[in-house]
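Quick note: the coordinates plus some simple rules give every number you see, no bench work behind them. Just so it is clear, the model here is predicted, and its values are computed rather than measured. So basically every Cβ, Gly included, is an ideal-geometry build from the backbone, and we count neighbours across all protein chains shown.
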Amino acid sequence: MAELPSSVLFACTTNAVRSPMAEAILKYFHGSRVYVDSVGLRRGELDGFAVAVMDEIGIDLSRHRPKTFDDLEDTSFDMVISLSPEAQHRAVELTRTRAIELAFWNTFDPTIIRGSREGRLAAYREVRETLMKRILAHFPLAPLAKP
């Protein structure tokens, strides 16, 4: 298994949907071994659809409080993962003078979907599943010990 970074920052546009979902998923799988945080370029309001689809898989997102890059007390992360093109530009600035691994996982913004509640929830579920697959591929779980 690849060695996990000690700290990861997920960055997005408003820290209201994609980056909090990614933060919560990585914490769910590796929270005791990796410090995880998330930010946005702008502070949005936590999205109820994001809370609902995370709740479907047993992850509580309701206590997340959106924040911006300016709210970070420490910027010493081992890895920054940007989830939107806008956040990628800011992440490049943040990592320009530091030895921080930078990744760009361009992730669909489900807030642009209009229509029925079920249609909108389906878009959020797709983002959740995409993030989960990427996170597990990049930060795999440790194999179970053999007896």
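Apart from one condition, ARG125 fits all of (1) closer than 18 Å to ASN15 by Cβ; (2) touching a helix residue (DSSP H, G or I) at 6+ places or on another chain (Cβ under 9 Å); the exception is (1).
Per this entry, ALA91 is not counted among residues that are of a type outside the set (Val, Ile, Thr) and either within 20 Å of THR130 (Cα to Cα) or surrounded by fewer than 20 Cβ atoms within 10 Å (Cβ to Cβ) (or both). Any residue in segment 56-71 that is more than 23 Å from LEU121 (Cβ to Cβ), buried (at least 24 other Cβ atoms within 10 Å of the Cβ) and in contact with a strand residue (DSSP E or B) (Cβ under 6 Å, 6 or more places away or on another chain)? No, every residue in segment 56-71 fails to be more than 23 Å from LEU121 (Cβ to Cβ), buried (at least 24 other Cβ atoms within 10 Å of the Cβ) and in contact with a strand residue (DSSP E or B) (Cβ under 6 Å, 6 or more places away or on another chain).
Note on segment 6-38: residues that are surrounded by fewer than 24 Cβ atoms within 10 Å (Cβ to Cβ), touching a Phe, Trp or Tyr at 6+ places or on another chain (Cβ under 8 Å) and assigned to a loop (DSSP other than H, G, I, E, B) amount to 2. Listed here are the helices (runs of 4 or more DSSP H) enclosed by segment 39-147 that have at least 1 residues being over 17 Å from LYS27 (Cα atoms), touching a residue at least 40 places away in the same chain (Cβ under 8 Å) and in contact with a Cys (Cβ under 7 Å, 6 or more places away or on another chain): 85-95.
Scoring PRO85 on the criteria (1) under 13 Å from ARG18 (Cβ atoms); (2) out of contact with any helix residue (DSSP H, G or I) (no Cβ under 6 Å at 6 or more places or on another chain); (3) crowded, with 19+ Cβ neighbours inside 10 Å leaves a single failure, condition (3). Residues of segment 72-82 that are surrounded by 18 or more Cβ atoms within 10 Å (Cβ to Cβ) and among the aliphatic types (A, V, I, L, M): MET79, VAL80, ILE81. Selection of segment 1-40 for residues being more than 23 Å from ARG120 (Cβ to Cβ) and in contact with an Asp or Glu (Cβ under 8 Å, 6 or more places away or on another chain) yields PRO5, SER6, SER7, VAL8, LEU9, VAL36, ASP37, VAL39. Check segment 134-146 and report whether any residue there is farther than 23 Å from GLU3 by Cα and out of contact with any Lys or Arg (no Cβ under 6 Å at 6 or more places or on another chain). Within segment 134-146, none of the residues are farther than 23 Å from GLU3 by Cα and out of contact with any Lys or Arg (no Cβ under 6 Å at 6 or more places or on another chain).
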